[in-house]
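Accompanying notes for the structure given below.
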Amino acid sequence: MKKIGILTSGGDCQGLNPALRGLAKALYERLGDVELYGFADGYRGLIENDCKLMHHDDFSHILTQGGTILGTSRQPFKLMRTAENEPGDKVEAMKRTYREMGLDALAILGGNGTHKTANLLWEEGLNIVTLPKTIDNDLWGTDVTFGFHSALNVATNVIDCIRTTATSHGRIFIVEIMGHKVGWLALYAGLAGGADIILLPEIPYSVEEVAKALKPKTRLGKSARTYSIIAVAEGAMTREYAAMGKKERKKHDAAHPCPSKAYALAEELRKYTQQEIRVCVPGHIQRGGSPVPFDRALSTRLGAAAAELIREEKYGYMVAVRGEAILPVPLGEVAGKLKYVPVDCDAVRCARDIGICLGD
């Protein structure tokens, strides 16, 4: 009988529960005599040996649920070799839990930080299989991650809703979309929502160029009120800020405190227009709610593919989407890498072709 551990780590997102369900159902179906142990709150549960034996019913009726039934937490990779409030080593604690429980493998669902730790555990001798989760779609090695399309649906709906009040009042609305280091979500939400301006971390912007792009849009004619919608990734930055080093950025941030990049942009744009500017930050709403059908199907496929790797005892891989196929990608190729938006990719070219300003 095989004993398999499962955990979800990092930020939550839509699609985690369907992925757990797909993984579990495939393991029960293909292995038959198997015990699944769910670790609470990600790597914390593995570190502290906080887990429970799962049953078939635990994975029923969760296909449409957001979040994760196992709970999750963030455990920074740089602190994995230290312990909080007590002497020790988190990696050694996780290895000890794995071995004391007699696990045959560990399935890990998570994003970039999660995969760095997963690869470390693989290098330390544990049998690891991972699934790619993140609303940012920034995980190296896969065309798409589960959670992205659901978050895109939420972000696009925010822009759609903002448009009605923007047109009614003739205002400039800045909608801040999640994405600290990459702009996939802002790019696609901006395209899907018909934004006039899209600002991404990969393309440093000029405030002057953004101001020039605030082109009038009328409801009824030349005398009607005008409006503009800006979709900005939370990690977007000006050209000046992008050119700074880490120390310079810290000094700048201390001297110019602001709730977020969207509010900073609003302050700058007020120098160039008399038009009212409003900021909308949907924040963690983008992570919530029920997964869209695409993510339900994708998560289920990835879960089943991960179960097949475990059945074949093929470890040290992340199951990834490549075109229409689900393929294993070595963890060493994934860990520590981000999938940035290429500045010349088709979606960026499309945005430029239809007149969307990217701030450069």
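The values are calculated or read from the model by the stated rules, or taken from the named source; none is laboratory data. The structure presented is a predicted model; accordingly, all values stated were derived computationally and were not measured. No Cβ is skipped: glycine too gets one built from the backbone with ideal geometry, and neighbour counts run over all protein chains shown. These accessible areas exclude ligands, DNA and RNA; they are computed on the full protein's heavy atoms, side chains included. Shrake-Rupley method; radii C 1.70, N 1.55, O 1.52, S 1.80 Å.
In table form, for the structure just shown:
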| quantity | calculated |
| --- | --- |
| Flag for ALA347 being in contact with a helix residue (DSSP H, G or I) (Cβ under 6 Å, 6 or more places away or on another chain), part of a helix (DSSP H, G or I) and either open to solvent by 80 Å² or more (accessible area, probe 1.4 Å) or more than 27 Å from THR117 (Cβ to Cβ) (or both) | yes |
| Filter pass, ARG30 being over 18 Å from THR130 (Cβ atoms), open to solvent by 40 Å² or more (accessible area, probe 1.4 Å) and touching a residue at least 60 places away in the same chain (Cβ under 8 Å) | yes |
| Inter-residue pairs, beta-carbon under 8 Å, first within 12 Å of LEU214 (Cα to Cα) and in region 266-279, second part of a loop (DSSP other than H, G, I, E, B) and open to solvent by 90 Å² or more (accessible area, probe 1.4 Å), 6+ apart | ILE277/ARG270 |
| Among (1) surrounded by 23 or more Cβ atoms within 10 Å (Cβ to Cβ); (2) assigned to a loop (DSSP other than H, G, I, E, B), the one test that VAL144 misses | (1) |
| Test: residue in region 304-317 that is hydrophobic (A, V, I, L, M, F, W, C), in contact with a Lys or Arg (Cβ under 7 Å, 6 or more places away or on another chain), over 19 Å from HIS149 (Cβ atoms) and surrounded by fewer than 21 Cβ atoms within 10 Å (Cβ to Cβ) | no |
| Residue match in region 188-197 (condition: of a type in the set (Ser, Thr, Tyr), in contact with a Gly (Cβ under 9 Å, 6 or more places away or on another chain) and in contact (Cβ under 8 Å) with a residue 40 or more places away in the chain) | no |
| Per-region count, region 35-55, residues outside any loop (DSSP other than H, G, I, E, B) and open to solvent by 20 Å² or more (accessible area, probe 1.4 Å) | 8 |
| Region 271-303, residues that are assigned to a helix (DSSP H, G or I) and open to solvent by less than 70 Å² (accessible area, probe 1.4 Å) | GLY283, GLN286, ARG287, ASP295, ARG296, ALA297, LEU298, SER299, THR300, LEU302, GLY303 |
| Failed item in (1) at pLDDT below 95; (2) in contact with a helix residue (DSSP H, G or I) (Cβ under 7 Å, 6 or more places away or on another chain); (3) closer than 20 Å to HIS115 by Cα, with ASP89 passing the rest | (2) |
| Elements of type helices (runs of 4 or more DSSP H) in region 156-270, at least 3 residues being surrounded by 19 or more Cβ atoms within 10 Å (Cβ to Cβ) | 184-193, 261-269 |
| Close pairs (6 angstrom Cβ cut-off, 6 or more residues apart or separate chains): among the small types (Gly, Ala, Ser) in region 96-114, open to solvent by 40 Å² or more (accessible area, probe 1.4 Å) anywhere | GLY102/LYS3; ALA105/ASN127; GLY113/PHE77 |
| Subset of region 130-140 (residues that are open to solvent by 10 Å² or more (accessible area, probe 1.4 Å) and under 16 Å from PRO328 (Cβ atoms)) | TRP140 |
| Filter result for LEU106 (modelled with pLDDT of 95 or more, part of a loop (DSSP other than H, G, I, E, B), closer than 18 Å to ARG44 by Cα and open to solvent by less than 20 Å² (accessible area, probe 1.4 Å)) | no |
| Boolean, ASP12 is open to solvent by 20 Å² or more (accessible area, probe 1.4 Å), touching a residue at least 60 places away in the same chain (Cβ under 8 Å), of a type outside the set (Ser, Thr, Tyr) and not in a helix (DSSP H, G or I) | yes |
| Unmet requirement for TYR28, which otherwise passes all of (1) out of contact with any His (no Cβ under 8 Å at 6 or more places or on another chain); (2) within 19 Å of GLY303 (Cα to Cα) | (1) |
| Test result for ALA306, within 30 Å of ALA211 (Cα to Cα) and either among the small types (Gly, Ala, Ser) or in contact (Cβ under 8 Å) with a residue 24 or more places away in the chain (or both) | no |
| Checking VAL175 against (1) free of Cβ contacts under 8 Å to residues at least 12 places away in the same chain; (2) under 28 Å from ALA236 (Cα atoms), the condition it does not meet | (1) |
| Qualifying residue in region 56-71 (condition: loosely packed, with under 15 Cβ neighbours inside 10 Å and more than 27 Å from the chain's Cα centre (by Cα)) | yes |
